[in-house]
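Heads up, the thing below is written out as structure tokens.
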Amino acid sequence: MSDESIIVDADSAALLVVDMQPDFMPGGPLAAPEGDALVEPIGRLMASGLFRHIIATQDWHPADHVSFASQQPGRSPFDTIELYGQPQVLWPDHCVQDTPGAALHPDMPWRHATLVLRKATDPAVDSYSAFRSNHGPDGRRPPTGLAGYLRDHGVSEVFLCGLARDYCVKWSAEDGAAEGFACHFLWDLTRPVDPAADDAVRRDLIGAGVRLVESSQLKGA
């Protein structure tokens, strides 16, 4: 990562705030270590005026979601199974619809968000990325509609932050780049479920054409 300044054009840039929900923070069933440390700096960035377009994602699982280990007899959280021909990590029950842990974190300024996108609402399909669900029974990854929304609003650059670095933020960045957006991964404003994966995450993101940056590099136009 270089330390050069990055000029944010409010008309063509969007901030994507991924899954800032209590269940992904310390005390939650699927906590990213120090995930709660992001509440204040991401909230400050949301309120800074740098971004006119701010999209929040919200993991929003039905209670019987296929990705929950509790729904797979004989399996434990973090086991991996094959689902629709693809590897599927089984998770502890988390971000179940209408539970406190699924709410967007109450100490963040969500009034600045221009869109809240709920994902993983289909009980049969998991969804990490803000742009596409995971593979479904037909072998396809259904789009969420976010790419079209951003294009309709003149967005060409996406700055990503939130939880978790090694899953939902990473997949969102890779899919955003594949959709043709210039994607900037705000490394300091993410936290991983598994810190040991950081080197692999960096390699994968760079290989996908995603730029790794720090929030301190962002400057207004």
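Measuring with a 1.4 Å probe in the full set of protein chains, what accessible area per residue, in whole Å², belongs to the stretch 24-163?
45
Please check which bits of the stretch 180-221 a label hung off Ser156 would reach, taking the label as a point 7 Å along Cα-to-C-beta and the cut-off as backbone N under 12 Å.
181-182
With a sphere of radius 11 Å drawn around the Cβ of Cys95, what net charge do the other residues whose Cβ falls strictly inside it have (Lys, Arg +1; Asp, Glu -1)? Write out the running numbers ahead of the final one.
Working: positive: Arg118, Lys119; negative: Asp19, Asp23, Asp59, Asp93, Asp98.
My count for the surroundings of Cys95 gives -3.
Based on alpha-carbon centroids, what's the gap between the stretch 61-79 and the stretch 166-204 in Å, whole number please?
25
Using Cα-Cα distances under 8 Å and only pairs 6 or more residues apart, what relative contact order does the chain have, in percent?
Values: 493 pairs, mean separation 57.6, N = 221.
Once divided by the residue count of the chain, the mean separation gives 26 percent.
What distance in nm separates the two pseudo spin-label positions at Asp9 and Asp98, each 7 Å out from Cα along the beta-carbon direction?
My value for the distance between the label points is 4.5 nm.
Percent of accessible area on the chain owned by carbon and sulfur, 1.4 Å probe?
Answer for the chain: carbon and sulfur cover 49 percent of the accessible area.
So, in nm, how far is label Asp199 from label Glu34 when the simple model puts each one 7 Å beyond its Cα toward the Cβ?
Taking the two extended label points, one gets 1.9 nm.
The values are calculated or read from the model by the stated rules, or taken from the named source; none is laboratory data. None of these values were measured; they are calculated from a predicted model. No Cβ is skipped: glycine too gets one built from the backbone with ideal geometry, and neighbour counts run over all protein chains shown. We work out accessible area using only protein heavy atoms, side chains counted, and drop any ligands, DNA or RNA first. Shrake-Rupley method; radii C 1.70, N 1.55, O 1.52, S 1.80 Å.
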